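So the structure is just underneath, and the comments pick up after that.
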Amino acid sequence: MRLSAFLLSLFLVPLTVTAADIERIWLTCNNHRPDRIVFNWYSDQPGDSVVYFGTAADSLQTISQPGNARLHHVEIPLPQRDTVYHYSVQTGTQKSSLATFKAFPTDVLRIAVAADWQSQPDLSQLRKDDVHLLLTAGDNIRNLWQTCGPGRPECIEPYLQLIGKYPQLFRSTPFMPVLGNHDREAHPRGQQPPAHAVYDVEATAFRRVFALPGEEWKWHFDLPDFDLRLIALDFNHTSDFGTTWQTCHPFGHDSEQYRWYEQLTQTNPGLTVTLYNERNATMRGKLKGDWHKLFQRGTLCVTGFGYFAERAEVDGLTCYNTSLSGTGTKYQDPHSKFLAGQDSYLLLTCDRAAGTMTAELKNLKGDVLDRQTFSAVKSQ
């Protein structure tokens, strides 16, 4: 009898492995408004894409997409606000545990912005802020080549490792990242520009993993209830443009990026936050100050360029630098009003009734380093 039980257990082990839980799950938005959400996951075995979701854990709807994929993206509508959704995902015999996320609110909205994720620090204090949306200001991974090998711009494993580091955060909070140079570094940079391109300007792996609005390397996301627009631009290492160290898309007057941003910001809502990964002062000076003139149409610019926490004020525009690796060299903005060498993230809290947005630079212990409040102002 004992031998029979032992032999049976040997046959059961492979079945258990095949039916392993799906653990790498992340939520994104690929529409310009908060009325839809995308469930993203990676399964060990290829197969179809099935999502179970609803506002009651014991009464879930099902959406199924046939296919034979390991990387899955399934979009669903979000008809309700101010509620909690329950969900799980399935591919073949693999299924995730039941999880929850908050639908977007109608009274108070909390958004966190974090950058420079290379060290993957403890984010338990950020989770306590119970945000509705998590943004980045670039550099979400260390690089591609150390994990994938040089010259593999399509390899997504570094992003899967990031998601695996914070499983509860990513499966419960919609995530909308912004590109940095590290996010597409497909070869070691070296001391001099080599013959081949070091960075994948098209950000192939990033765009494979994250279902985002528009072209994904740039995007905008509107939250009309809070008179708020979020805009992601592709700026990083702009001084390397035109060399084999080039990391970002063009940003000149005739570029797609400039024309798109210029048109988009002609009729801004009351609050506009622009995110990118280049030094604020550098971008303000580009095109003889024309980028700065466009930024002035909005409320805030946020970057993760430097490894420090900073707020600068210039010509009515507020510029933040935030970094989860905040103890590096301080490249102080000429118009800096607050500067600290601390690991930080930016918490934005929008109050619909008051028509305001409060921006708090917070360290990873949860202490508020700097706080400013902005009122919604319609563009002229």
* Asked: Do we have any residue at all in region 366-376 that's touching a residue at least 12 places away in the same chain (Cβ under 8 Å) and in a loop (DSSP other than H, G, I, E, B)?
  -> yes
* Sort through PRO193, PRO167 and tell me the only one that's open to solvent by 10 Å² or more (accessible area, probe 1.4 Å), in contact (Cβ under 8 Å) with a residue 60 or more places away in the chain and farther than 22 Å from PRO34 by Cβ. => PRO167
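Yes or no, residue by residue, for (1) over 16 Å from LEU135 (Cα atoms); (2) touching a helix residue (DSSP H, G or I) at 6+ places or on another chain (Cβ under 8 Å):
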{"site": "CYS301", "(1), (2)": "no, yes"}
{"site": "ALA312", "(1), (2)": "yes, yes"}
{"site": "GLY328", "(1), (2)": "yes, no"}
{"site": "CYS350", "(1), (2)": "no, yes"}
{"site": "GLN372", "(1), (2)": "yes, no"}
{"site": "VAL377", "(1), (2)": "yes, no"}
* To do: Being assigned to a loop (DSSP other than H, G, I, E, B) and open to solvent by 80 Å² or more (accessible area, probe 1.4 Å) is the filter here, so list the residues in region 196-208 that pass it.
  => HIS196, GLU202
* Hits in region 95-117 (condition: open to solvent by less than 10 Å² (accessible area, probe 1.4 Å) and under 16 Å from the mean Cα position of the chain (by Cα)) -> ILE111, ALA112, VAL113, ALA114, ALA115, ASP116, TRP117
* **Qualifying positions in region 231-242 - out of contact with any helix residue (DSSP H, G or I) (no Cβ under 8 Å at 6 or more places or on another chain) and open to solvent by less than 60 Å² (accessible area, probe 1.4 Å)** => ALA232, ASN236, HIS237, ASP240
* **Test for GLU262: is it of a type outside the set (S, T, N, Q) and in a helix (DSSP H, G or I)** => yes
* Structure fact -> The lone condition PRO79 fails out of (1) under 30 Å from LEU228 (Cα atoms); (2) more than 21 Å from the chain's Cα centre (by Cα); (3) at pLDDT 95 or above; (4) not β-branched (Val, Ile, Thr) is (3)
* To do: Quick one: THR147 ticks every box in (1) more than 30 Å from TYR307 (Cβ to Cβ); (2) part of a helix (DSSP H, G or I); (3) of a type in the set (Ser, Thr, Tyr) except a single one, so which number is it?
  => (1)
* Would you tally the residues in region 214-230 being open to solvent by less than 20 Å² (accessible area, probe 1.4 Å), out of contact with any His (no Cβ under 7 Å at 6 or more places or on another chain) and of a type outside the set (Phe, Trp, Tyr)? => 3
* When region 293-346 is examined, which residues are found to be outside any loop (DSSP other than H, G, I, E, B), open to solvent by 20 Å² or more (accessible area, probe 1.4 Å) and either touching a residue at least 24 places away in the same chain (Cβ under 8 Å) or of a type in the set (Gly, Ala, Ser) (or both)? -> ARG311, GLU313, SER336, LYS337, PHE338, LEU339
* Of the numbered conditions (1) assigned to a loop (DSSP other than H, G, I, E, B); (2) under 29 Å from CYS301 (Cα atoms); (3) hydrophobic (A, V, I, L, M, F, W, C), CYS155 satisfies every one except a single condition; which is it? -> (2)
* To do: Taking GLY138 as meeting all but one of (1) free of Cβ contacts under 8 Å to residues at least 60 places away in the same chain; (2) out of contact with any Ser or Thr (no Cβ under 6 Å at 6 or more places or on another chain), write down the number of the exception.
  => (1)
* To do: Evaluate the following for PRO158: is it touching a Phe, Trp or Tyr at 6+ places or on another chain (Cβ under 8 Å) and in contact (Cβ under 8 Å) with a residue 24 or more places away in the chain?
  => no
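The values are calculated or read from the model by the stated rules, or taken from the named source; none is laboratory data. Bear in mind the structure is a predicted one, so any value in this text is a computation, not a measurement. For neighbour counting, all protein chains shown are included, and Cβ atoms are generated from backbone atoms with ideal geometry for every residue, glycine included. Calculation scope for accessible area: heavy atoms of the full protein, side chains included, ligands and nucleic acids excluded. Shrake-Rupley method; radii C 1.70, N 1.55, O 1.52, S 1.80 Å.
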